[in-house]
1. Yes or no: segment 9-21 includes at least one residue that is within 16 Å of the ligand (Cβ to nearest atom), within 22 Å of His119 (Cβ to Cβ) and of a type outside the set (Gly, Ala, Ser).
2. Pull up segment 70-98, narrow it to residues that are of a type in the set (Val, Ile, Thr) and surrounded by 15 or more Cβ atoms within 10 Å (Cβ to Cβ), then point me to the one that is farthest from the ligand (Cβ to nearest atom).
3. Can you say whether Val99 is under 27 Å from Asn15 (Cα atoms) and hydrophobic (A, V, I, L, M, F, W, C), as far as the supplied structure shows?
4. Since Glu129 meets every condition but one in (1) farther than 20 Å from Glu35 by Cα; (2) out of contact with any helix residue (DSSP H, G or I) (no Cβ under 6 Å at 6 or more places or on another chain), which condition does it not meet?
5. Please find, within segment 101-135, the residue that is modelled with the lowest pLDDT out of those that are in a loop (DSSP other than H, G, I, E, B) and away from the ligand (no atom under 16 Å from the Cβ).
6. Go through segment 17-36 and give me each residue that's crowded, with 18+ Cβ neighbours inside 10 Å and not polar (S, T, N, Q).
7. Condition first: farther than 18 Å from Phe117 by Cβ, away from the ligand (no atom under 15 Å from the Cβ) and of a type outside the set (A, V, I, L, M, F, W, C). Can you find one or more residues in segment 39-52 that meet it?
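The values are calculated or read from the model by the stated rules, or taken from the named source; none is laboratory data. Note that this is a predicted model, so its numbers are computed, not measured. As a convention, Cβ positions derive from the backbone with ideal geometry for all residues, glycine included, and neighbour counts pool all protein chains shown.
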Amino acid sequence: MKVLKIDHVGVAVENLEETLAIYTGILGLELHGTEVVEDQRVKTAFLPVGEAEIELLASTDPEGPIGKFVAAKGQGVQHLAFRVADLDAALAELKAKGVRLIDEKPRYGAGGARIAFLHPKATNGVLVELCERKA
Ligand code: ZN
């Protein structure tokens, strides 16, 4: 498997507008766009930082994955996403190595990316996302 770069860092927040004001106002980052991902029950906002991005994630449903995360652990870094050239090949390789996965098959995330999550138990506590983008 070839990891190309850190694609983004996912940060779970309670209030997207309030947090955007912090990232744009204090850090001077620029908002690249927002998107509701129905499948994940989140509203996301992307703020580019060099070649990577900060992905802010606010739950649209308390029972969704981000809603549950914030309820259990509070706001903060939720996942780390690595860009890979070929997600299907990466998942096949991880499966062959017996790595515990949340997603056996790719699904679609924000921005039309193909994504899959590894189980945090497989990585000593960090929820890792693999991400493949066309552009
Ligand atoms: Zn992500």
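1. So far as segment 9-21 goes, yes, one or more of its residues are within 16 Å of the ligand (Cβ to nearest atom), within 22 Å of His119 (Cβ to Cβ) and of a type outside the set (Gly, Ala, Ser).
2. Val70
3. Spelling it out, it is not the case that Val99 is under 27 Å from Asn15 (Cα atoms) and hydrophobic (A, V, I, L, M, F, W, C).
4. (1)
5. Out of the qualifying residues, it is Ala135.
6. Matches in segment 17-36: Leu20, Tyr23.
7. Yes: one or more hits.
This table checks each residue for (1) touching a residue at least 24 places away in the same chain (Cβ under 8 Å); (2) over 21 Å from Ile6 (Cβ atoms); (3) of a type in the set (Ser, Thr, Tyr).
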| position | (1), (2), (3) |
| --- | --- |
| Glu18 | no, yes, no |
| Leu27 | no, no, no |
| Val84 | yes, no, no |
| Arg107 | yes, no, no |
| Thr123 | no, no, yes |
| Val128 | yes, no, no |
| Arg133 | yes, no, no |
